[in-house]
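To start, the structure itself, in structure tokens.
The values are calculated or read from the model by the stated rules, or taken from the named source; none is laboratory data. Computed from a prediction, not measured in an experiment: that's the story for all the values here. Glycine gets a Cβ as well: all are built from the backbone with ideal geometry, and neighbour counts include every protein chain shown.
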Amino acid sequence: MTEQDLNNKIRQLETRLKTLEANFGKHQHDGLDGTNVLRKNIKLDTDQSLQVGLGSQGSQPVSNLGLSTEQVVYSVSTGKDDGRTGLVNKADLMQMNFIHQPRNTSLQSFLTTMRTPLVSPFEGSSVSVSSGGNTVTISGYSFVTDELAGALINIFDSSGTFVESRTIASNTSTVVTITGTWGATTNGGSFFIYAPVFYGSADTINQRFYTQEGTAGGIRFGVGVTAGSQNQNGLLYMDATGDIYWRNKTGTSTKLN
């Protein structure tokens, strides 16, 4: 090979390298080579999450193992908290939860949504409320004055059973004041604070909503349980004959048509 041939070969290689660099800079996974297809599953441990941009996905440990209330939870969220879904006690995000109860004989599974302010208790902490009172002390967060106003606070007893839910009227750094009063006395319980989200919007509505007939279906208004001394919501439903009823918070049903 002459010197000229060698120089020509070097120039050809340089041209090919520049072309490769240019093509690599423009490369996208367009599916022509199958690179936009996920060929294998991604398995996350319960203490991990998968973050894409400002969104994340994560699962929580199975709770109440073997019981009718056994729950498997998978969450999807978006926000500015690095996608730490379910792993922080005070989060700034919107979250959707897929809650499956595989052993529940009533076939209960839930799809729930919530948004900031999201506050959950620290491990080992507890709160107490008194029937007829309207405050609860929550230490360790140094809340900004009234940052929780308008959100909801759920109260659970020491066994984790849901007791009641109230709207927060105001707060100091440690004391939360609710609208109305507590309906029950709960000692050594826990809490969860969240704000509800809109289903659709004024400029992006939904087409149709299907619900089961009878009191097992319908549309419930308000927060909290639907039976017992802490009944907190009303129910609009249709019976098997097609008649519409309104059931108030005391459990009394009135036919509307």
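Worth a mention:
- Residues satisfying the stated conditions in the range 104-132, i.e. of a type in the set (G, A, S) and closer than 14 Å to A151 by Cβ: S120
- In this structure, T204 does satisfy being polar (S, T, N, Q), loosely packed, with under 10 Cβ neighbours inside 10 Å and either at pLDDT 95 or above or within 26 Å of the chain's Cα centre (by Cα) (or both).
- For the range 105-125, the count of residues that are at pLDDT 95 or above, part of a loop (DSSP other than H, G, I, E, B) and more than 18 Å from N233 (Cβ to Cβ) is zero.
- Set T179, T145, T112, T116: member being closer than 30 Å to G217 by Cα, hydroxyl-bearing (S, T, Y) and over 18 Å from the mean Cα position of the chain (by Cα): T179
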